[in-house]
Amino acid sequence: MPPTDTSKLPPPRSSVQTQWTDAYHVHLAHLPTIGGFFQIRNARGQISVPALNSVVNRDTTDYTFNVGLSPTSISAAIPSPSTAEFRRLSVAMQILLWR
């Protein structure tokens, strides 16, 4: 097929993705801080699926919810570690995770 012959090409396709993310933090009295995010993602349009040799219409919505507890410390009771101590702790954690 010559490069100027576009008659055998498939019609154009387009997809649109919309995403909304919001983070939150909850502070309750003396409890650790609760934080996370909520996300909505919508993808719609036409996509090519070469394995099926077809064009597929899609309208997909995904919801993601994340929650976690932030660590807390009382600075008067727990001394603040130095940068070198953080590095040693980080290396020790990596060694434990690789085993």
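Each reported figure results from applying straightforward, stated rules to the coordinates on display, with no laboratory input. Keep in mind that this is a model prediction, so the values were computed, not measured. Note that each Cβ is placed from the backbone with ideal geometry, even for glycine, and that neighbours are counted across all protein chains shown.
Quick notes
- Proximity of backbone amide H atoms, modeled 1.01 Å from N, is registered between THR33 and SER70 at under 5 Å, excluding neighbours fewer than 5 places apart on the same chain.
- Separation in nanometres of the label points that stand 7 Å from Cα toward Cβ, at LEU9 and THR33: 5.2
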